[in-house]
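Have a look at the structure below before the remarks.
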């Protein structure tokens, strides 16, 4: 459906799609060549475009052509390479890619005249923008980086409250008779790497991540595979799969 939609003009881009950009159920969205740091997150609202709001809220703009660092706890708006011209019966929703979430980069997509993030109305025609705010460490991005993905749907795909209650009663989300009983008092599941005895006390081991100074978002080709896979690089030569871990213990 995505390739056909693009061929019919429903998805337009300044550059051809990159290899692996079209996924089985989604399309990766690529950052454009310019980024804007803005005062705060925003929604344009009816009758207003994102570009108009950027003019009001922009602190400065910079190029991503050669790469640029996005600092933590700052809000950036980046026009995306892809834009839409959707048929009247097709809507879309966006979400961060899993690799973006693992790096603790907060991102969501904005469309013109919208009242909600990550939602594109049926029949929408216009550009798309990514709002990006790194949470834990600065990230290095460049034009073409893929932080979000978009999914398309035809017709009403959402269940109302009654239908959802019926589905919940008939189907199980977790195949465990004591699923809620496995939660701790704080509502979270906990994992630890083992216990040890020290001076008569039982100590519990925890995994603690040593964070890099800057993480670079890029894509590389895995040896022996036919596609691109996300990875990250940093001043510590750190990737998602080989983050340096250290173990600490505390008394319980």
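Within region 88-108, the set of residues being touching a helix residue (DSSP H, G or I) at 6+ places or on another chain (Cβ under 8 Å), within 24 Å of residue 157 (Cα to Cα) and surrounded by fewer than 16 Cβ atoms within 10 Å (Cβ to Cβ) is empty. Tell me, yes or no, whether region 56-69 has at least one residue that is at pLDDT 95 or above, over 25 Å from residue 215 (Cβ atoms) and part of a strand (DSSP E or B). Yes, the conditions are met somewhere in region 56-69. Pairs meeting the criteria (first residue in region 140-165 and loosely packed, with under 10 Cβ neighbours inside 10 Å, second residue part of a loop (DSSP other than H, G, I, E, B) and modelled with pLDDT of 85 or more, beta carbons under 9 Å, at least 6 apart or on different chains) are 155/89. Looking across region 35-51 at every residue that is over 22 Å from the mean Cα position of the chain (by Cα) and exposed (fewer than 13 other Cβ atoms within 10 Å of the Cβ), the one that is nearest to residue 146 (Cα to Cα) is identified as 45. Checking residue 32 against (1) modelled with pLDDT of 95 or more; (2) surrounded by fewer than 16 Cβ atoms within 10 Å (Cβ to Cβ), which test does it fail? Failing condition for residue 32: (2). Of the residues 103, 27, 59, 70, the single one that is more than 19 Å from residue 145 (Cβ to Cβ), in the same structural domain as residue 150 (by TED's automatic domain parsing) and either over 22 Å from the mean Cα position of the chain (by Cα) or touching a residue at least 24 places away in the same chain (Cβ under 8 Å) (or both) is 59.
The values are calculated or read from the model by the stated rules, or taken from the named source; none is laboratory data. Quantities reported herein were computed from a predicted structural model and do not represent experimental measurements. Heads up, the Cβs are rebuilt from the backbone with ideal geometry, glycines too, and the neighbour counts pull from every protein chain shown.
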